[in-house]
Amino acid sequence: MKIGFFSDLHCGREEITNNNRYPSRSLGKLQKLLLDFENIGVDLAICLGDVINGSTSKADDIEHLSRVAKVIRDSSVPVLVMQGNHDFKNLDDDTFYRISDFVRPPFVCRADEVNLIFLDANYSSDGTRYGSGVKYNWKDTYIPKDQIEALREVLATSPEGSRFWILCHQCLDIGVEERHIVNNADEVLEIIGTEGRDKVEFVICGHYHPGAYSIDIGREFVTLPAVCTGKEFNPNAALILDTSHTPNFRG
Ligand SMILES: [Fe+2]
């Protein structure tokens, strides 16, 4: 089974923001990316968040979210959509999924022999959910205790030989720029190194737009380059993994 990952569309009205983001071009890039996925035979696609750039207007955000939703609906590849910090600028959880009709990822789901775990770090360190009306700072990103404990439980109780890929919008690779890293990434890494030893194969994130790759505690950490970067569609912004792939640490 082939799974395609992409992140950080930042769809919006602007031609260019932050020097190299092209929000108005992201929709066209998404169409190309999903067409590539169809041609390659990707069975499931996963968007790791920051679907919209977020503006000062809720109506604007709903409009751009709806446009993305239509492109995703028109594709024959099923797409699971996670949320990123930008998706909460004007929208709460329910509005985001109700307007778009996106499939909301569960905490854990099975894809062939691999278990995908979706961690949601769209919380401030005091546990406040982004989009709940309280102003949030994108650098204050935190995975709440219930998810940390669920991660430990799922990994600890899974039989020997179980395979896991962990997904999160914000970064768990401690090699990237510090302000992009989840505040309590060390708790996740500790679990991966203990209960997740010999089980967690990949940790895949978005959020840090240049992207990154590293091997740490024997796992492969992939940070996806943002789709919104640059004027032209960059096919290398997408990652396609086959569930039959043998990770480096298994030899
Ligand atoms: Fe982000």
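Could you tell me whether Leu33 is within 25 Å of Tyr130 (Cβ to Cβ) and more than 16 Å from the ligand (Cβ to nearest atom)? It is false that Leu33 is within 25 Å of Tyr130 (Cβ to Cβ) and more than 16 Å from the ligand (Cβ to nearest atom).
Inspection of the range 89-99 identifies at least one residue that is over 17 Å from the mean Cα position of the chain (by Cα) and of a type in the set (Val, Ile, Thr). Close contacts from the range 171-195, counting a first residue that is over 13 Å from Ile215 (Cβ atoms) and a second that is of a type in the set (Phe, Trp, Tyr), with Cβ to Cβ under 6 Å and a gap of 6+ residues or different chains, come to Cys171/Tyr208; Val176/Tyr208; His180/Tyr208; Asn183/Tyr142; Asn184/Tyr142. Of the residues making up the range 85-104, those that are crowded, with 19+ Cβ neighbours inside 10 Å and away from the ligand (no atom under 16 Å from the Cβ) are Ser100, Phe102.
For the condition touching a helix residue (DSSP H, G or I) at 6+ places or on another chain (Cβ under 9 Å), over 25 Å from Arg129 (Cβ atoms) and surrounded by fewer than 21 Cβ atoms within 10 Å (Cβ to Cβ), what is the one hit in Thr194, Thr157? Walk me through how you get there before you give the answer.
Values: Thr157 fails: touching a helix residue (DSSP H, G or I) at 6+ places or on another chain (Cβ under 9 Å).
Result of the check over Thr194, Thr157: Thr194.
You will find that of Ser125, Ser214, the residue that is assigned to a loop (DSSP other than H, G, I, E, B) and over 19 Å from Gly49 (Cα atoms) is Ser125 and no other.
How many residues, within the range 194-226, are within 12 Å of the ligand (Cβ to nearest atom) and of a type in the set (A, V, I, L, M)?
Here the count works out to 2.
Does Ile191 fit the bill of being away from the ligand (no atom under 14 Å from the Cβ) and hydrophobic (A, V, I, L, M, F, W, C)?
yes
Residue check: Gly131 meets all listed conditions (1) open to solvent by 10 Å² or more (accessible area, probe 1.4 Å); (2) touching a Gly at 6+ places or on another chain (Cβ under 8 Å) but one, namely (2). Answer yes or no as to whether Ile204 is surrounded by 15 or more Cβ atoms within 10 Å (Cβ to Cβ) and either more than 21 Å from Leu80 (Cβ to Cβ) or at pLDDT below 95 (or both). So Ile204 fails the test.
Taken as a whole, the condition of being within 16 Å of the ligand (Cβ to nearest atom) and either open to solvent by 60 Å² or more (accessible area, probe 1.4 Å) or in contact with a helix residue (DSSP H, G or I) (Cβ under 6 Å, 6 or more places away or on another chain) (or both) applies to Glu177.
Looking only at residues in the range 36-66 that are of a type outside the set (A, V, I, L, M, F, W, C) and within 16 Å of the ligand (Cβ to nearest atom), the one that is surrounded by the fewest Cβ atoms within 10 Å (Cβ to Cβ) is Ser55.
Taking (1) closer than 22 Å to Val79 by Cβ; (2) open to solvent by less than 50 Å² (accessible area, probe 1.4 Å) in turn, Ile240 satisfies each apart from (2).
The values are calculated or read from the model by the stated rules, or taken from the named source; none is laboratory data. Here the structure is a predicted model, which means the values were calculated and not measured. Positions of Cβ are generated from backbone atoms using ideal geometry, with glycine treated the same way; all protein chains shown enter the neighbour counts. The accessibility values were calculated without ligands, DNA or RNA, using every heavy atom of the protein model including side chains. Shrake-Rupley method; radii C 1.70, N 1.55, O 1.52, S 1.80 Å.
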